[in-house]
Amino acid sequence: MMHNCLVVCYSRSGHTAKVGREFADLCGADFEAIDDLDSRSGPLGYLRSLYESLFHKEPRISTSGKDPGEYALVVLGTPVWAGNMAAPMRSYLARHRLRFHRVALFCTMGGRGGEHTLAEMADLCGKTPMARVAITDAEIRRGSYRGKLERLQNNALESS
């Protein structure tokens, strides 16, 4: 049975998960978090995150096991790390990219790197995204990103 929409996110700080869960609630979509099997806490975790992002590594991850191939649309969300997608999202895309029917993308970021990250995600998905949006941490703190979520929803669901 084909489901409508699955939102899949990796989040270290909680910003990306907050946006992803809100989008899932807005659309009535299922939500799946990507869990990192190695710690990213403290200075060493930060350095490991930076290294994996810059050198396009694919760290060990786990998920709840939802099959993205059973969804008409998969919305993928990642933070921007050093101008690239978070390494755990890279692992997820490598594992599942052949299962996607349609995708929409979003990223969260401190300030810049969103367009490069979204292009990198689209390339690894092997699909042209139905919609994509970059959201800054400042927009999340102010709550001013909701218009972007509605635009993502309208563009993604119109196209699917």
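The values are calculated or read from the model by the stated rules, or taken from the named source; none is laboratory data. Treat the numbers as computed from the prediction; the structure is a model and nothing was measured. Reconstructed Cβ throughout: ideal geometry from the backbone, glycine too, with neighbour counts over all protein chains shown.
See the values below:
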item: Candidate set: region 75-84, residues that are in a strand (DSSP E or B) and more than 10 Å from the chain's Cα centre (by Cα); chosen: the one nearest to Leu105 (Cα to Cα); result: Asn84
item: Members of region 6-22 found to be assigned to a loop (DSSP other than H, G, I, E, B) and touching a residue at least 40 places away in the same chain (Cβ under 8 Å), listed by number; result: Tyr10, Ser11, Arg12, Ser13
item: Qualifying residue in region 97-110 (condition: of a type in the set (S, T, N, Q), crowded, with 22+ Cβ neighbours inside 10 Å and in contact with a Cys (Cβ under 8 Å, 6 or more places away or on another chain)); result: no
item: Among (1) modelled with pLDDT under 95; (2) under 14 Å from the mean Cα position of the chain (by Cα); (3) closer than 30 Å to Ser144 by Cβ - the single one Arg97 does not satisfy; result: (3)
item: Lone qualifier among Ser53, Ser39 - being more than 16 Å from Gly83 (Cα to Cα) and free of Cβ contacts under 8 Å to residues at least 40 places away in the same chain; result: Ser39
item: Pick from region 50-68, criterion in contact with a Lys or Arg (Cβ under 8 Å, 6 or more places away or on another chain) and more than 23 Å from Met109 (Cα to Cα), ranking: surrounded by the fewest Cβ atoms within 10 Å (Cβ to Cβ); result: Asp67
item: Residue satisfying condition, being surrounded by 13 or more Cβ atoms within 10 Å (Cβ to Cβ), out of contact with any strand residue (DSSP E or B) (no Cβ under 6 Å at 6 or more places or on another chain), at pLDDT below 95 and over 27 Å from Ser91 (Cβ atoms), within set Arg151, Arg141, Arg146; result: Arg146
item: Residue under evaluation Met130, criteria (1) surrounded by fewer than 18 Cβ atoms within 10 Å (Cβ to Cβ); (2) more than 12 Å from the chain's Cα centre (by Cα), criterion not met; result: (1)
item: Of residues in region 30-45 being at pLDDT below 95 and buried (at least 17 other Cβ atoms within 10 Å of the Cβ), the one farthest from the chain's Cα centre (by Cα); result: Arg40
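For every residue, the table says whether it meets (1) in contact with an Asp or Glu (Cβ under 9 Å, 6 or more places away or on another chain); (2) under 25 Å from Ser62 (Cβ atoms); (3) not aliphatic (A, V, I, L, M).
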position	(1), (2), (3)
His101	no, yes, yes
Leu105	no, yes, no
Gly114	no, no, yes
Met121	no, yes, no
Cys125	no, yes, yes
Thr128	no, no, yes
Val133	no, no, no
Arg141	no, no, yes
Arg151	no, no, yes
